[in-house]
1. Within the stretch A:43-58, how many residues turn out to be surrounded by 23 or more Cβ atoms within 10 Å (Cβ to Cβ) and at the interface with another protein chain (Cβ under 10 Å from one of its Cβ atoms)?
2. Among the residues of the stretch B:514-533, which ones are more than 18 Å from B:VAL689 (Cα to Cα) and crowded, with 17+ Cβ neighbours inside 10 Å?
3. Condition first: under 18 Å from A:ASP114 (Cβ atoms) and either surrounded by fewer than 19 Cβ atoms within 10 Å (Cβ to Cβ) or more than 8 Å from chain B (Cβ to nearest Cβ) (or both). Can you find one or more residues in the stretch A:16-25 that meet it?
4. Are any residues in the stretch B:412-440 crowded, with 20+ Cβ neighbours inside 10 Å and in contact with a His (Cβ under 8 Å, 6 or more places away or on another chain), and if so, which ones?
5. Could you check the stretch B:613-721 for helices (runs of 4 or more DSSP H) lying wholly inside it with 3 or more residues that are within 10 Å of another protein chain (Cβ to nearest Cβ), open to solvent by less than 20 Å² (accessible area, probe 1.4 Å) and without any contact (Cβ under 8 Å) to a residue 60 or more places away in the chain?
6. Please specify each residue of the stretch B:472-509 satisfying the condition of being charged (D, E, K, R) and either in a strand (DSSP E or B) or open to solvent by less than 20 Å² (accessible area, probe 1.4 Å) (or both).
7. Do you know which of the residues in the stretch A:1-15 that are at pLDDT 95 or above and part of a loop (DSSP other than H, G, I, E, B) is nearest to the other protein chains (Cβ to nearest Cβ)?
Amino acid sequence: MTTRFTLNGTAVSVDLPGEVSLLHALRGPLGLSGPRYGCGAEQCGTCMVLVEGTPRYACTLALDAVEGKAVRTVEGLGTPEAPHPLQAAFLAEQAGQCGFCLPGILVSAAALLDRDPDPDDAAIRAALDPHLCRCGSHNRIIRAVRRAARAMREGRAAA
Amino acid sequence: MSAGSGMDFRGLVTPEDGRPRLPGSLHTNRRLSQWITFHADGRVTIRPGKVELGQGILTALAQIAADELDVSLARIGVQTAATPDSPNEGVTSGSLSVQDCGSALRHACANARAIHLQVAAQKTGVPLEALRVEDGTFFGPAGPVGSYWAQADDALLECAASPEVKAKPPSARRIAGTSAPRLDLPDKVFGAARFVHDLRLPGMLHARVVRPPARGARLVELREGGPPLPGGARVVRDGSFLAVVAAAEHDAEAAAARLAARVRWEEADTLPDERALADWLREAPHEDSVVIERAADDVALAGQTVRTCFFRPPVAHASVGTCCAVARWSGGTLEVWTHSQGVYNLRTDLAKVLRIAPERILVRHVEGAGCYGHNGADDVALDAALVARAVPDQPVRVLWSRAEELGWSPFSSAMLVEVEATADAAGNLVSWRCEIISNGHSSRPGRMQDPTLLSGAYVEGGVPVPPSINPPIAGGGGAQRNAIPLYRIPNLRIGLRRLTVMPLRTSALRGLGAPVNVWAIESTMDELAAHAGADPVEFRLRHLDDPRAAEVLRAAAEMAGWAGRARREGVGMGVGFARYKNASAWCAVVAEIAAEATVRATRLWIAADVGEAINPDGVANQLEGGAIHGVSMALKEAVRFDRRRVTSDSWETYPILRFSEVPVVQTRLIQRPDQPPLGAGECALAPSVAAIAGAIRDALGVRVRAMPFTPETIAAAMDAA
């Protein structure tokens, strides 16, 4: 069975049974590394991706549910040459230790900044609450999201 | 000390072998070429035996090397540890990487620089003292005369390091001591394939283990027939070790679930009653030893005595990523890709279980998710090796499920710590007696007679994992880590009871026994201070002779506005202090909590002294992380079990601190560039636990005696008061 969707702006098709998880498709035939298995039960956020701009757990989302939709992963946010303001801010704040949780956190933060360009700490904490970070980088991550929000607002004002 | 004989605590205790002393792990790995290689194209490779666990060690080590060699940081590449060529630095643990490996690298680089300059002086006739190095190029008075790169092929480093060479003085350092950005972080924010989980070798298969439903269960029947397993998945069985392997990961996962329904296991009650765990600890078979005993004749033992028993259930590593490994057998040789903390130690135990010579096993480190001690990283490497043996020449990747990660990794042991302390009428401590009851805190591979890898107990002819042991106090100790108060106490006796049965496998987790011991010490100090009518900080300072200890305590109190704090309804502040392992970093923490339906940690102020901080921002990151780990342990964590199995095997049943619950953290580093560098990863955890307990007493007037500090344990403490 073939599922077609847009992955990070590019049309892709995957030949896998429709009930296989999006996470397996992304890490398997689609060759991505950013979305990661952490629990398989929507309890840690490590697998988070954006489907039509909304954070979704890729570990439990069936592949056929994204047919015709736009999926975005951390790989679609930016590159070392052209980083997303969030990625630049995470590096500037050194917001991470092991970094295993970061791809999921980054896409949730991107969705937050899309709907709220100036979130306060409570809003950032609420948006990231589905995500676990065991290394204890939370405060740096919150600072980095604030920094990125500021940069994006200033970028918009300058444009 | 109960380590017993024949244990290999390489890296924990430096051998006295009669050879001239070299710094850190250089003493036992003396050949310079093992540590450093210059390349003709202007790069340098360093080869630490310590590994990246998410703590940022690669960056700190590269900084040390760049500084000592006089090359820019960008020229340094770090080759991750692998047998058989990497220096054998034992295990990356105990906050020892900067001490053991950093000091070794610094000295090795100083040697390399000296040798290269000497050769350049001979070649060019420029006197040695007139030569200087700028980003790898050698300059004489008249300009450039050579470089490391031009001499790269001369095999100059095929020699042993000399103790005579001196590293640069602290004032000459330019890169060490700065907050260089982490080398590994860009890959991590762009989602690059950096973890062992992301390895994709040609022809790689995926496997899953089917764990027994109970501890120690035996596989008695594997029913044949029924529909074929998905994706042509193949069953691999060795005794009670059962796994499936398939070309696609989703097929392996589905096949494991299907296969689990076809197995009959023989299971029995092997675990203690969780509700009576403290009683079980007191009654279980054990061996007793004395950690320290000293008596002063001229001190009156009369005065105010406090007696308290502190209990902590077992706790889990609970890494966000599950354990993973890749293995391949070809022609009788096994290759393993692993996030183990010690590639040589793992090799030793793999060889024992697989019954092959260690020389036929290549173990390569690849980063895993955050590591906080001896988790399942080594275990999953054996799992991968066992499956790969059944499919020669094909790499096999095994990924643990969340249930395996939280249910089958080694845990930090449940502990009981009883303290009886007496202060005289003037409020001075006169005696301290403490008894620790715990399983051992180390069952790392490569150290005991029998292998300690999980599935080694399940394969045909396998032996159970032997009960854990405690490293000697000279190596930091295990259950007894940080049990000796740093406070001035004339009469002191600390006893250690190590259990000789191990129903739940235990091993090293961040701090080992320190979180419980420091909590017990600091709570007792608070109690005695209250009896003496003294301020908790002042009472501690009065018993501290170590100026570096006093300085961190004063700094944390000052940051928190301790002296001028106002009493607020439902809010409390507490303080905790320890010098990690009584020999490493000094750290004091003030915590503020809000006592609502549950206790919430709202703020932490942390002051630490790690000697020379190679990367101050990296140290701050580790302090914050360790403290938040401590808050999580203090307020939320407990491994749950029934008589047969661990039941806390999901994030729902083993909750850890979340974004909405994390306190605001402020850190201050006391800079001492002229002092030896000390590890920072563990020093903040135990004082944070202690500070939260103190803050709960401050807010609610009750001394908590059991972790985690939930409404239930707080209510129990109130009832007992």
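1. 3
2. B:LEU528, B:ALA529, B:ALA532, listed by residue number.
3. no
4. Matches in the stretch B:412-440: B:SER412, B:SER413, B:ALA423, B:LEU429, B:ILE437.
5. B:616-635
6. Matches in the stretch B:472-509: B:ARG481, B:ARG493, B:ARG497, B:ARG498, B:ARG505.
7. A:ASN8
Residues are listed down the side, and each one gets a yes or a no for (1) within 9 Å of chain B (Cβ to nearest Cβ); (2) of a type in the set (S, T, N, Q); (3) in contact (Cβ under 8 Å) with a residue 12 or more places away in the chain:
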{"residue": "A:PRO29", "(1), (2), (3)": "yes, no, yes"}
{"residue": "A:ALA41", "(1), (2), (3)": "yes, no, yes"}
{"residue": "A:THR60", "(1), (2), (3)": "no, yes, yes"}
{"residue": "A:GLY99", "(1), (2), (3)": "yes, no, no"}
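The values are calculated or read from the model by the stated rules, or taken from the named source; none is laboratory data. What you see is a predicted model, and the numbers here were worked out from it, not measured in a lab. With ideal geometry, Cβ positions are generated from the backbone for all residues, glycine too; neighbour counts draw on all protein chains shown. Note: accessible area is taken over every heavy atom of the protein model, side chains too, but ligands, DNA and RNA are not part of it. Shrake-Rupley method; radii C 1.70, N 1.55, O 1.52, S 1.80 Å.
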